[in-house]
Structure formats: C-alpha cells, structure tokens
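Participant: Sharing a structure, written as structure tokens. Questions coming.
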Amino acid sequence: MSLAVTLYRHRLVLALVLAVGTLCLLSTRSFSVDGVLDALGDDSRDRPRGGINRHWPEAPLPADAGQGPASHFVQSVLRKHRIVVFSKTTCPHCKATKALLERYHGQYGLRYMVVEADQRKDMDDVKHALASLCQHSTFPSVFVDARCIGGNDDVYAKHANGDLQQIFVEAGLLPRSKLEQHKVALLESTRKLIADNSVTVYGRMADTNAAKAAAIIQGYQHEHAGLAYRFIDLDERADHLQLAEVVREISGQPSLPVVFVGGSEVGGYKGLQRLHASGELSKRLIDTKTSEQSAAERKVRQLIQRNRVMVFSKTYCPYSSKAKRLLGKLKEQHGLQFTVLEADKEADPMEVKAALGKISGRLTFPNIFVDGRSIGGSDDLQAQHASGELIKLLQKAGLIS
C-alpha cells in the first residue's frame, strides 16, 4: 500500500472522529444564540430607538423562558436591550404604546427597542415564547430589564399614575438629575407659553371640566379673531407629572384644569365659567389682545413670566436701591439670580407704572415679583428677610440652596 493512500485513510478517520465528537457535543448543549440568529436571518427590521445600551449586567430570565430558536431570539433581544417592545406593525394598541415611548424618548432621551413580530417568519413561535414570559399572548408586550410590564393598557395605566416613570427611575434608565434639569427647562418654557398667549389651558382633555373650559374659549375664537389660544393636554406628555407640578407652582391651584388669561391665572373651569357668565371674560380677552395692549404692558408681563425673581425699580429711588442691595447680598451668599428693570430708563415710565398697577395692584417702586407674584416693595422685602420668611420662600421655590 502506497504512502499516499495510507495518509488519505488516516485523514478520513480523523475527519470522521471529529464529526462524531461535534455531534455528541451539540446533543448535550443548547443552540448557540448567535448561530440561531444567523439561521433565522432577517432581523434587520427590528428597530433600536436611540441605540443599544450594552453596558449593563445580563438580565435574569425565568427558568421556564423556553427553548428553541424563537425563544433564544427573544432572550437574546432582552439581554441586549433594556426596554423592548414586541409589536405588530398593523396593531393599533402597539402603535399607541410606541407613540408613548417615543414621547419619553423625545422629552427624556429614553432609548428602547422595537421588534415587529409580523415581519418575522417565526412570528407564531415568538408569540408563544412571549406568552411564557408575559402571561398573555397578545401584542404589544413591553419589557424593562427583561421583566414584562404588560401590554398597552397596562403601560398607559402605569404612565397615568406615575408608576412607569418610577420604573425607569429605579432602573437607572431615567436619572433623577435629568428629571431635575428637565423641570427647570419646563418651568421656563411654561412661563413663556403663558406670556405669549392670550389664553392658556392646562388639563386633560378626557376630563369633563377641562373639555368644558376648552369649549368656552373656543366659542370666543369666532368673536375675537386671531385669539392666541393654547390647550396643553397633559395626557399627551411623557412629562405630565412634572408639568402638573410646574403648573401648580406657577398658579397656586392644587388641581387641573388651570386657565390663564392674559398671563394671569383665573382658576379652573368654575373660575372661567364665572368670568364668562359675568361678561368679564370677553372684556379681558379684548384687553389682552396684542393689538390693544400697550408695548410697555406686554414687556412687563413677559418679564414677570420669564424671570423667576423680577424687580421693577427706579435708579434714583432710595427704596429701590435698598431692595437691590439686599437681593445683591442674597446673590453673593446664596447664588440668587434676579433681573432688574429700571422704569425711569424706559421710553414711557408711566406706562410701566400703569401696567404694574394693573397686574399687581401696586403703583409704587420697587415692585418685586417671585414666580409671577408680587411680594411687595422694599419695606415688605426687608420685613420678610428679618423674619426668615424670605429665605424660606426662596428655598421652597428652589431659587437658593
């Protein structure tokens, strides 16, 4: 027998031994997840929103999570992405859930992954795998850190009562520092919106009183052409809890809806209804129309709305100087930020004075506003500082540490 034939036989035997060994090894182990994903092929339609977050420990999965290619695919997705929505492109409930998470993404930068099951060849198997993890067999199925938090109704209920935000916070997906930064920005944007519109209503359109308030204002839109009106539906916001808190801080009203006319809070539906019934609402809407409002009044209202601590002063007034010195000390000691308008340097100081009288009932200088409300003049400021009330007020508002 030639040497070549001998070598060929040895190689053939070695190949057979390796093949048998490989088969034995595979028979005692589960499928390779990566291999299964490669075999399943087309998962290019699965859409990560905001990218994949890989820097976290593998999430624990239930012992009965299931076997087989579809189960391994589901488990792999849950390990790679912290928030996952298993969805169907044609399902209206899925669309609603994705729209809600998209609002969280837009307002907080929250990242999530969508798997459109109906665009996969193994949809029924994926559905069966999800049933073992979520205890329901319908779409959507939403997971946070590999734990099912339910379908569309469950997610919206958690969103409404604040549990969804808390889940994200506790998981570290939504840092508290980001919530605090968002609230500061929200306070500024809310004040600007109120200042820039003749009428602003904050509420939930599903609420009867909010809908009634909106109906009253809409009735005036025909009478007052060009009326600047905004209805902010908190149910359409991912940050509805923070926005409700901001509106409470600005208005002093404990519940929604809250209505602002001409930059001033008039209460909820009942307050608006009283103004409507007495004819006062029509008069106020005329007064607050930009075309009939003095430039000085528009400026004063915008300054009050856009600056949390606003001081209206006169350069030669000793009481104004005294108030500014005290606020300056608070700035040095506690970092208090405040804005000053010197009325005597304006084009029409008397118009500024008249606007302040209309807004606050005070015609003297200085006139000091904190979060949209006048706290008085120099003597009032000094008295509140001496009693400690001023520091408490500023601390409670988050204006000083």
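Laboratory data are not the source of any read-out in this text; all were calculated from the coordinates shown. Since the model is a prediction, treat every value here as computed from it, not as a measurement. Backbone-built Cβ (ideal geometry, glycine too); neighbour counts: all protein chains shown.
Participant: Across region 115-221, how many lysine pairs separated by 8 or more positions, or lying on different chains, have Cα atoms within less than 28 Å?
Facilitator: So the count of such lysine pairs works out to 7.
Participant: Determine the shape class of region 256-401: with a ≥ b ≥ c the square roots of the Cα gyration tensor eigenvalues, call it rounded for a/c under 1.5, and otherwise prolate if a/b is greater than b/c, oblate otherwise.
Facilitator: It comes out oblate by the Cα gyration axes.
Participant: If neighbour count is taken as other Cβ atoms inside 10 Å, put Val169, Val155 in order from fewest to most.
Facilitator: Val169, Val155
Participant: Right, here's the next one. Taking neighbour counts of Cβ atoms within 10 Å as a proxy for exposure, in what order, fewest first, do Thr90, Thr200 appear?
Facilitator: Thr90, Thr200
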